[in-house]
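Contents: one structure, followed by commentary.
The values are calculated or read from the model by the stated rules, or taken from the named source; none is laboratory data. Small disclaimer: the values here were computed from a predicted structure and weren't measured. Positions of Cβ are generated from backbone atoms using ideal geometry, with glycine treated the same way; all protein chains shown enter the neighbour counts.
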Amino acid sequence: MIDAIIVGLGNPGKEYARTRHNVGEETVALLAKRAGEALKAGRDKALVAEARLGPKRVVLAFPTTYMNESGQAVGALMRRHRVVDPLQLIIVHDELDLPVGVMKVKVGGGLAGNNGLRSITQHLHTQDYVRVRIGIGKPRSKEHGADHVLSRVPKADRETLDVMIERAADAVELIVAEGTDAAMQRFNALT
């Protein structure tokens, strides 16, 4: 029995590694490393590892689809592991509406223009899953949105994002161990 499915969003391929859009993927990779597991190609359009976070059994996953098709992998993983409660799904993703250096936990809510969340919501027919949102800040203008999320990150921002990825992994571990409310209380007050 799986206690939680934890999915880090991003785009596959070396050209997207370490971009703002892939902070979710980096968080799941860090969780796998902490658990002594490796993400491996699975049947569900995702790199997957089954792991233990404390006493809980979890599935860690990074969809191998592009961000805007993330729901294909998430839906398949939910079906395979017979997880029906959306609160057992934790999505880690980049968030334009939060500044760099801010990470927040929430349940449900809007999609904030995130096509990965839009795809997941369409496949699951609910928005009531857990989100760990890593702030990447807004681009200069809407026209620069794709460049902002997909381009290399300046060194100072990169160092801050690396700290936020560690914090996001800590938040996921706390969600799994003690629940979403405990994680919101501990992490949402931090800036």
If you take the residues of the stretch 16-62 that are touching a Gly at 6+ places or on another chain (Cβ under 6 Å) and assigned to a helix (DSSP H, G or I), which of them is surrounded by the fewest Cβ atoms within 10 Å (Cβ to Cβ)?
21
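Test residue 133 against the criterion of being surrounded by 24 or more Cβ atoms within 10 Å (Cβ to Cβ), of a type in the set (Lys, Arg) and either in contact with a Gly (Cβ under 9 Å, 6 or more places away or on another chain) or within 29 Å of residue 40 (Cβ to Cβ) (or both), and give yes or no. Walk me through it before giving the result.
On the way: surrounded by 24 or more Cβ atoms within 10 Å (Cβ to Cβ): yes; of a type in the set (Lys, Arg): yes; either in contact with a Gly (Cβ under 9 Å, 6 or more places away or on another chain) or within 29 Å of residue 40 (Cβ to Cβ) (or both): yes.
It is true that residue 133 is surrounded by 24 or more Cβ atoms within 10 Å (Cβ to Cβ), of a type in the set (Lys, Arg) and either in contact with a Gly (Cβ under 9 Å, 6 or more places away or on another chain) or within 29 Å of residue 40 (Cβ to Cβ) (or both).
Check 29, 49, 61, 73 and return the single one that is of a type in the set (Gly, Ala, Ser) and more than 14 Å from the chain's Cα centre (by Cα). It would help to see each step written out before you state the result.
Values: 29 fails: more than 14 Å from the chain's Cα centre (by Cα); 61 fails: more than 14 Å from the chain's Cα centre (by Cα); 73 fails: more than 14 Å from the chain's Cα centre (by Cα).
That would be 49, the only listed residue that is of a type in the set (Gly, Ala, Ser) and more than 14 Å from the chain's Cα centre (by Cα).
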For the stretch 123-147: of the residues being at pLDDT below 70 and among the charged types (D, E, K, R), which is nearest to residue 88 (Cα to Cα)?
142
Go through the residues of the stretch 77-94 one by one and say whether even a single one is modelled with pLDDT of 95 or more, surrounded by fewer than 20 Cβ atoms within 10 Å (Cβ to Cβ) and either polar (S, T, N, Q) or at positive phi (or both).
yes
For the stretch 138-152, state whether one or more residues are in a helix (DSSP H, G or I), of a type in the set (A, V, I, L, M, F, W, C) and surrounded by 13 or more Cβ atoms within 10 Å (Cβ to Cβ).
yes
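Would you confirm whether or not the stretch 110-118 contains a residue that is within 17 Å of the chain's Cα centre (by Cα), charged (D, E, K, R), part of a helix (DSSP H, G or I) and crowded, with 16+ Cβ neighbours inside 10 Å? Steps first, please.
So the first thing to find is which residues in the stretch 110-118 are within 17 Å of the chain's Cα centre (by Cα), and the list is 110-118.
Checking which are charged (D, E, K, R) leaves us with 118.
Keeping just the survivors that are part of a helix (DSSP H, G or I) gives 118.
Subset that is crowded, with 16+ Cβ neighbours inside 10 Å: 118.
The answer is yes, given that some residue of the stretch 110-118 is within 17 Å of the chain's Cα centre (by Cα), charged (D, E, K, R), part of a helix (DSSP H, G or I) and crowded, with 16+ Cβ neighbours inside 10 Å.
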